[in-house]
Amino acid sequence: MFPSPEKLLGDFLRCKPYSRDGQWAAARHVVEIVQEYNLGVAKILEYSEFPDGTGERYPLIKVISELGIAQPNQVMTWLGHLDIVKKTGEQIGSDALLLEQHPRDSTWRVGRGRGSIDMWGGNVAYLCGLELLRRSGRARSAIQLILSSQEEAGSGILYQALCNEDLEPSTVGATTEILVGDDGRSAPLYIGRTGRIGMNAVFTGNTLHTGEADRYPEEFNEIAHHYYGRALNAILDEERKFSIKNRYPGDTSNLLPAESRAIPGYLRGKPEGLSVPGKIIQHFDFHHSDPNLSPELLKARFHNYLVETAKIPFYRIDLSLEDRQGVPFIDPWLTPRDHPLVATAHEYAKEIQGGEVNIVVASGVAEDGMLFHRWKTKMVGWAPIGKGAHGPDEFVRIDSIMQRAVWLQKLAEYNGNLL
């Protein structure tokens, strides 16, 4: 008998896929499941951590499943990732998956644990979907299941697989990746994601021993914090904030946002001894909608903003694009709302959910954009219900995993035109 969703979920999370060894263990277990239950042909592809061939070796799973009467040359891609972020706090000493009733609704059974919603709940839905197709034998598309690693660290593994042409081109696909910020009560259907460009701003100033601060207060006008504070004050002000207009070509429904703003990320500034830091590094993310937006253009516009609006002297600010180790920034993608794939996926989602399902777009932090733009793949996403990705209270609603498996099955069995 095929394992239950909660059994699969617990087994994979106990592989500890927040580590490289854990990702390899999870990859081997996927192969075991595929082989034992005749779900297709599974292969583990191996890549260096970085595109230049350096770093440790990481896995990528490629499963090809022909579980019915597939139409000629029609391949549907299902895309996910093996890796999760590290446990923190009380999660470190607890079991990888805790099954319990949801405190607000006793009819919900949830699986609580790091990686449960991001994204092993979705990966389990893929395996369960393949099992449903094996039983029915009615798949009209060949299924290519791709489970990459290092998605949480920049998606370099999938990028190398694409560059090497190790994956099969596909015209349509489905994903159970999270939207980001999932609310734990509902899961909208999403048909696009913003892209993301990362940038580091280095604010420099005079080094100041803390013992001099009281005697020379005028020195505060020349420390890095002065310029950093001035910049953040402008960036976080709704009237003076930095924004750049950009829109996805052909987005007639205006689903993707038409402007991007600077979003503060990590912050670094460490002095030597009892001194005021002479340098402060602030990372910024820009979630954008136009795949043709040049990172260099964005960098120039942001620099002008910091000089002209935030009043930072040009010699006190230095910008650099995030180092991606040779991996390009993730582009936005959008499947038109009137596309047959969207219409079909939406109808099946409503049927399974037993009511209306909203159609939205998601935030650009996932790796899938590279796949879509490389092969013009049209994609749609519907994640299991859950909440708290990367946090101490992360959970997935167990019954929603099987619901997504049924959704994937129906898409693969659809006898109409999804192109």
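Using the average count of surrounding beta-carbon atoms within 10 Å as a protection proxy, the listed peptides 109-118, 151-160, 389-398 rank, highest first, as 109-118, 151-160, 389-398. Simple point charges give the picture: +1 on the Cβ of Lys and Arg, -1 on the Cβ of Asp and Glu, and for region 195-321 a dipole about the Cα centre of about 280 debye. Loop-located GluC sites (Glu not before Pro) in region 337-374 (DSSP state not H, G, I, E or B) with no more than 14 neighbouring Cβ atoms inside 10 Å: GLU356. Dipole check for the chain: with +1 at the C-beta of Lys and Arg, -1 at the C-beta of Asp and Glu, and the Cα centre as origin, the magnitude is about 600 Debye. Between ARG135 and ASP399, full extension at 0.36 nm per residue minus the direct alpha carbon distance yields a gain of 93.1 nm. In region 189-337, the convex hull through the Cα atoms has an average projected area of 11.0 nm², a quarter of its surface area. Of all lysines in the structure, those lying under 17 Å Cα to Cα from LYS299, and not within fewer than 8 positions of it along the same chain, are LYS241, LYS245, LYS311. In this structure the amide hydrogen of LEU99, modeled in the peptide plane, comes within under 5 Å of the amide hydrogens of ARG112, none closer than 5 places in sequence on its chain.
Distance distribution P(r), region 238-301, all Cα-Cα pairs, bin width 10 angstrom from 0: 18, 37, 25, 13, 6, 1 percent.
The label-point distance for GLU238 and MET1, in a model that sets each label 7 Å from Cα toward Cβ, rounds to 5.6 nm.
If the segment from THR207 to SER94 were pulled out straight at 0.36 nm per residue, it would be longer than the present Cα-Cα gap by 36.2 nm. Above 38 Å, the calculated P(r) of the chain contains 27 percent of its Cα-Cα pairs.
Laboratory data are not the source of any read-out in this text; all were calculated from the coordinates shown. Please read all numbers here as calculations on a predicted model, not as lab measurements. Every residue, glycine as well, gets a Cβ built from its backbone with ideal geometry; the counts of neighbours run over all protein chains shown.
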